[in-house]
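Taking it in order: structure first as structure tokens, then the write-up.
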Amino acid sequence: MRIGAFCVLLCLAGLAEQRTPAPAGGSARRGGQLVVAERSAPRSFNPVVITDNPSKTVLERINADLIHINRRTFKTEPALAASWTASRDGREYTLKLRPGLKFSDGHALTADDVVFTFQVYLDEKLAAPQRDLLVVAGKPIGVRKVDDLTIVVSLAEAYAVADRMFDGIAILPRHVLGAAYAAGTLAQQWTVATAPASIVGTGPFRVSEVVPGERVVLERNPHYWKRDGHGEALPYLDRLVLLTVPSTDAELLRFKAGELDVMSRPTAEQFESLTGGQYNTVDVGPGLEYNFLVFNLSDGAAGTPLARRQAWFGQEDFRRAMSAAIDRQAIVKLVYRGRAEPLWGPITGANAAWRNTSIPHPPRSVDRARQLLRQAGFTWRDDGTLLDRAGTQVEFNIIVSASRPERQQMATLIQSDLAEIGIRVTISPLEFGAFVDRLTRKRDFEACIHGIGSGDADPNSDVNVWLSSGNLHLWNPNAAKPPTPWEAQIDTLMRNQMSVRATGERKRMFNEVQALLAEHEPMIFLASPHILVAAKPTLGNFQPAVLPHYALWNVDELYWRAASRD
Amino acid sequence: MRRGTSPKAARVARGALLAATVLLHVVILAAPWVAPYDPAAQHRDVPFAPPTRLHFVDRVGRWHAQPFVCAIVHVPGTFFRYVEDCATTAPVRAFVRRQEPFGFTTREARHLFSADPPLDLFLFGTDEFGRDVFSRLLLGARVSLAMAIAAAGVALAIAVVTGAIAGYAGGFADTAISAGTELVLGLPWLYLLIAARAAMPLALPPPQAMAMIVILLGFLGWARPGRLVRATVAAARGREYVMAARTAGASTPRILIRHILPDVTAVVTVAGVVLVRQFVVAETTLSLFGLGVPEPVPSWGTMLAAAQRPRALTETWWLLAPVVGLIVVCMVYYALARVLRPDPLHNRP
Amino acid sequence: MRVLLGRGVRAVLLLLAVSFLTFVALAGTPGQFADELRLDPQISPATIEALRAEFALDEPVLTRYAHWLRAALHGHFGFSLTYRIPVERILWRRAANTLLLTATSLCLAWTLALAIGLAAATARRTGWDRAAGLIAAALLALPDLLIALALLTIAAHTGILPAGGMTSVGVETGSWAALRDLAAHMAIPVAVLTLSTMPTLLQHVRSALGQSMPPPLATALLARGLPRPRLIARHALKLASAPLAALGGISLGSLLSAGVLVEVLVGWPGMGSLLVEAVTARDQFVIVAATALATAALVAGNAIGDLILHAADPRVRGADAIAAPAAAQ
């Protein structure tokens, strides 16, 4: 109790200290700074080279895209482009830029910058991570300027969600980066050692100070294009401070100490310690992440222990039995303290538009698991050990990333679940790099618990997971041709839905994909954690979303309520 | 025992210490019997249960010689908070026999004490899976202490041999060994651990995993005590009595064992206690690289990793049991090391 | 002179060996730079390969090592794959931050250990002496991460100290306020590092002092009218200096590598957090350069330790190789 009281006092003191008063003449919402934490220091401000999430968080605050996906509605909305139209065959998009756009250094943004931007991202030599998004049907998109405010984008074939591919594509200033690009040194621009003033973007903020390893301070971009409903220029905040806080426990403590204004994605356990009225805690509900258990079905070398075990994994009844024996409710309760959704398919409750609601949600049943195993020819020894037809004891290993404690906990629960049907499971937590190596490169594992957090609600974002030729088709990736008829069926459905433009038709096709996955269970879906966010109660417009960045997606509209500002 | 305490008090203290040591190790060795539960058994309906209270007075105020426990009930809507419901009670019995899961069947097991089913006696509470912390603490002690002591033994053996050679022989041997020590201390172990894990089979059975940890820790840990031994030996070599022994024609091994080793024991015993503690804790780091003791085998390292969270400090304090265990072990070993240390005077000419 | 030269040659060879072995270890370790991209459904393997090709990551180890070595001789320690700037531009500042932390805590820990150790030795075999030993043993058992977490929790709930980081936002650099701010931020990590190293040092100090002063000698000296504290400070400490000098060398040598995990937990922007980040990202040149720097510190620390050893007790062949001919017999 007393600790709580201390905290309140401290928060108040912190608020009084940190908030700068609103500048004279500004609206009541204007002013102040927001302090948030990041797991690691941003590594670069160069959109072409950034791959890590902390850097992306900064990047998305200092840059803008042409068309943006609203993080709450999942719908596309105009950003730098005021409007866009598609040609009748769906292969050409005409985008109209807003008039009077300026970069954060005051320089005007024109169609030339847009053309330059796409030239850079599509340059094979630069290997920008965005490039893959801009390649449709194996061919890079074409971008040409019509006039200063009009751009035409052409695609090799019709693409159902072409408007979505512009999300997150930061428009680059040709007047700043053009020379470096021509000289072939673009990748070395805009590092953490670059003078902040020369890092130029179109987002709500611009870089003001970089303290290596400690923090990045962003300040309001006075040339930002967006205005609120009353015509007032956004953002409201003067500054956004991103502190490097490598440990989530430390982030919690610093949030409680009042040094941070927002705690994004606390664990359920941490979230629970923040509830109780002192903070604005928001449980957004399930996100888009789906955690699953997957067996390695890639052809193992004959005679190896892996190949012998794959004889079990390859049987659908075996996989169904595993699915029936796993206690998803226990995962939800014990791993996520109830703040998660049990899953039987990859589409979570957050994505109602695409979810196939007719997929059954059978509760855990050890009896059903036993029946399925018996059906598949397995037997039990007197001591309860499960044996296959040849009399071999059934046991397998699950790998899991050591940096994801929640997945290790799932593994521990599953280990205990499967012991009930006589299967001995061993768990190998592996360092992340070693984990990725076994999973994607060497394919040297038996089973794996992993999760994929879709970047977008549209099924196309995960197409590499479902296509049998995809590199993330985790049970059997990069197949030359689909190994099973149902995988062939999924391939066809996924390919077709990509070019069909009627949403209803796409939905029907993707429903069928989900039904096939539920029937054959190549992945045993487990649970999807809720998105949890907490902030100081005086932060206005705080509306956490299901897509990243969960708390800062609308940072341009966040403000401090007047009451807190003295 | 010359000042401050009388010889009799000292003898009593020494006896008490020995008794404590013996008791500690008997309890640890007999862990499966002393522990009331299988350390891997998950009581999924009571995660994070606080230590079960032992009652001696019932609701009408009557005293019982035999302690009893009350049922615990989860408070709905809370984050694993429980209240006692003393309408249902069960006596705690000593020397019980009961059926419990064994492998995939059941077997008859004997335990030192246990509450009558269906009620539970979690002496030190439960962890996030509802596993009995007391049972895990005892069985984890076997695993962790055995590993740490073995690893400390390996490390100290290497340290004494290399340190003695470097310190006594000097010259090229010293340069070579010192360079080797610095190499061991300088290598990026974070990295080598990942490489080491990759070189091992994926599913490492617990005994092999433990042997691996012992070897790894042993090779990681010898360098520092090795430097200390080297310095001590080098210093002792220059002392008058060693000089005298040398001029008297004593052989090198004899000088080392009779005259220099006693000096080294002081450094080694202290380093030993330090290493045992370090190695128990080091397992928490090793587990980040997939080199820890695999679940569901309990170890103090994995228990510590779970306890090192803010919530354990403020609410689920019983998860800190392995820290208390570590403190007790360190104090006992330290006291033991002091008592058992040979008085250097007796070994000197 | 010859000794110094020998030391120097050894140090250079050691640095070569460590950097080479680090390269080899890097090549043999599973996981590669840009691995997190491999699990992103929206990025194709071809893109990742192109990225790797840009850094010539797939060339043989020896070739890459030779390249690196040549650059290192000119003072360039490679290019950070993640930061895309030369490693030395990241490294120095981080190393300085770590030194600030570890040097402060090391001074404190040694002062405390020597003071308590000497005081306990003065009160030898009394209750105080034993209590100090047992408390040190108990402190020894506390994992440093737990100490850090406990102190941070207290700081967060009471607000007397900042709960992490190194500086506050908006404090003018170079001012008194900035210095005060830095001191406040240092308090917790320094306390943690001190509490975690001091018990070990104290145990060694006590054991060394106990060993150095056999009771008959002490009694004899005391009988001659030497005050006990002087006896301890003058004679015992001197006799105890051998292991303590080595310990001091080890302490100095670990200045750059101590407290990696503590740095991560309290968010101190030092070498430790940089190294952990680099290992996770497989940022090879950062790892090699950081390792080489830590090794250099280690070698220097050990050399200083040997010098102290020699200075305190000239009979010891502290700076090795002095007595090389004698050892050959």
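No other residue among A:ALA369, A:ALA447 is buried (at least 19 other Cβ atoms within 10 Å of the Cβ) and in contact (Cβ under 8 Å) with a residue 60 or more places away in the chain apart from A:ALA447.
Hey, can you tell me all the residues within region A:27-68 that are closer than 21 Å to A:ALA250 by Cα, more than 9 Å from chain C (Cβ to nearest Cβ) and acidic (Asp, Glu)? The answer is A:GLU38, and nothing else. The numbered conditions (1) in contact (Cβ under 8 Å) with a residue 12 or more places away in the chain; (2) farther than 30 Å from A:SER468 by Cβ are all true for A:SER247 except (1). Here B:LEU112, B:LEU123 are screened, and the one residue that is in a loop (DSSP other than H, G, I, E, B) and over 15 Å from the mean Cα position of the chain (by Cα) is B:LEU123.
With respect to the conditions (1) outside any loop (DSSP other than H, G, I, E, B); (2) at the interface with another protein chain (Cβ under 7 Å from one of its Cβ atoms); (3) in contact with a strand residue (DSSP E or B) (Cβ under 9 Å, 6 or more places away or on another chain), B:GLU295 lacks only one, and its number is (1). Take C:SER257 and decide whether it is more than 14 Å from chain A (Cβ to nearest Cβ), under 22 Å from C:LEU100 (Cα atoms) and at pLDDT below 80. Answer is yes for this residue.
All conditions in (1) within 24 Å of A:GLY433 (Cα to Cα); (2) touching a Pro at 6+ places or on another chain (Cβ under 8 Å) hold for B:ALA271, with the sole exception of (1).
If the condition is being more than 13 Å from C:ALA191 (Cα to Cα), more than 12 Å from chain A (Cβ to nearest Cβ) and not small (Gly, Ala, Ser), then region C:144-179 contributes C:GLU172, C:TRP176, C:LEU179.
Does at least one position in region B:119-129 carry a residue that is farther than 17 Å from B:ARG53 by Cα and modelled with pLDDT of 85 or more? Checking region B:119-129: at least one residue is farther than 17 Å from B:ARG53 by Cα and modelled with pLDDT of 85 or more. The set of residues in region A:401-418 being under 25 Å from A:TRP380 (Cβ atoms) and crowded, with 21+ Cβ neighbours inside 10 Å consists of A:ALA411, A:THR412, A:LEU413, A:ILE414, A:ASP417, A:LEU418. Annotation note: Cβ proximity below 6 Å between a residue of region B:176-199 that is facing chain C (nearest Cβ under 7 Å) and a residue that is polar (S, T, N, Q) and part of a helix (DSSP H, G or I) (sequence gap 6+ or interchain) occurs for B:GLY186/C:THR295; B:PRO188/C:THR22; B:PRO188/C:THR291. Only a single item in (1) at pLDDT 80 or above; (2) in a helix (DSSP H, G or I); (3) among the hydrophobic types (A, V, I, L, M, F, W, C) is not met by C:TRP268, and it is number (2). If you go through region C:103-133 and keep only what is modelled with pLDDT under 80 and under 27 Å from B:ALA282 (Cβ atoms), you end up with C:ALA132, C:GLY133. Looking at this structure, is A:ASN471 surrounded by fewer than 21 Cβ atoms within 10 Å (Cβ to Cβ), touching a helix residue (DSSP H, G or I) at 6+ places or on another chain (Cβ under 8 Å) and free of Cβ contacts under 8 Å to residues at least 24 places away in the same chain? In short, no. Scanning region C:31-68 for residues that are among the hydroxyl-bearing types (Ser, Thr, Tyr) and either at pLDDT below 75 or touching an Asp or Glu at 6+ places or on another chain (Cβ under 9 Å) (or both) gives C:SER44, C:THR47. Count of region C:48-81 residues, restricted to those that are assigned to a helix (DSSP H, G or I) and either surrounded by fewer than 19 Cβ atoms within 10 Å (Cβ to Cβ) or under 33 Å from the mean Cα position of the chain (by Cα) (or both), is 18.
One residue alone among C:VAL24, C:VAL18 is touching a Ser or Thr at 6+ places or on another chain (Cβ under 6 Å) and either more than 11 Å from chain A (Cβ to nearest Cβ) or in a helix (DSSP H, G or I) (or both), and that residue is C:VAL18. If only residues of region A:231-263 that are closer than 25 Å to C:GLU277 by Cα, assigned to a strand (DSSP E or B) and more than 7 Å from every other protein chain (Cβ to nearest Cβ) are counted, the one that is farthest from the chain's Cα centre (by Cα) is A:LEU240. All conditions in (1) surrounded by fewer than 22 Cβ atoms within 10 Å (Cβ to Cβ); (2) away from chain C (no Cβ under 12 Å); (3) part of a helix (DSSP H, G or I) hold for B:THR269, with the sole exception of (2). Screening the candidates A:SER104, A:SER83 for the property of being buried (at least 21 other Cβ atoms within 10 Å of the Cβ), touching a Lys or Arg at 6+ places or on another chain (Cβ under 8 Å) and either at negative phi or assigned to a helix (DSSP H, G or I) (or both) yields one hit, A:SER104. Whether a residue is within 25 Å of C:SER273 (Cα to Cα), touching a residue at least 24 places away in the same chain (Cβ under 8 Å) and buried (at least 17 other Cβ atoms within 10 Å of the Cβ) was assessed, and A:ASN53 does not pass this test. When you scan region A:439-457, how many residues do you find that are within 9 Å of chain C (Cβ to nearest Cβ) and modelled with pLDDT of 90 or more? Total meeting the criteria: 3. Output yes when any residue across region A:488-506 is farther than 22 Å from A:PHE313 by Cα, in a loop (DSSP other than H, G, I, E, B) and out of contact with any Gly (no Cβ under 7 Å at 6 or more places or on another chain), and no when none is. Within region A:488-506 (the criterion being farther than 22 Å from A:PHE313 by Cα, in a loop (DSSP other than H, G, I, E, B) and out of contact with any Gly (no Cβ under 7 Å at 6 or more places or on another chain)), the answer is yes, since at least one residue qualifies. Check whether at least one residue in region C:110-121 is crowded, with 19+ Cβ neighbours inside 10 Å, within 27 Å of the chain's Cα centre (by Cα) and closer than 30 Å to A:SER247 by Cβ, and report yes or no. So far as region C:110-121 goes, yes, one or more of its residues are crowded, with 19+ Cβ neighbours inside 10 Å, within 27 Å of the chain's Cα centre (by Cα) and closer than 30 Å to A:SER247 by Cβ. Restricting to region A:319-329, what's the tally of residues that are assigned to a helix (DSSP H, G or I), in contact (Cβ under 8 Å) with a residue 60 or more places away in the chain and of a type outside the set (A, V, I, L, M)? Looking only at that region, the number is 4.
So, in region C:116-134, exactly how many residues are aliphatic (A, V, I, L, M), within 9 Å of chain B (Cβ to nearest Cβ) and part of a helix (DSSP H, G or I)? Break it down into steps so the answer makes sense when it comes.
To start, the set of residues in region C:116-134 that are aliphatic (A, V, I, L, M) comprises C:116, C:118-121, C:123, C:131-132, C:134.
Filter once more, keeping what is within 9 Å of chain B (Cβ to nearest Cβ): C:123, C:134.
Remaining after also requiring part of a helix (DSSP H, G or I): C:134.
Counting residues in region C:116-134 that are aliphatic (A, V, I, L, M), within 9 Å of chain B (Cβ to nearest Cβ) and part of a helix (DSSP H, G or I) gives 1.
The values are calculated or read from the model by the stated rules, or taken from the named source; none is laboratory data. As the structure is a computational prediction, the values presented were derived from the model and not from experiment. FYI the Cβ positions are ideal-geometry reconstructions off the backbone, even for glycines, and counts take in every protein chain you see.
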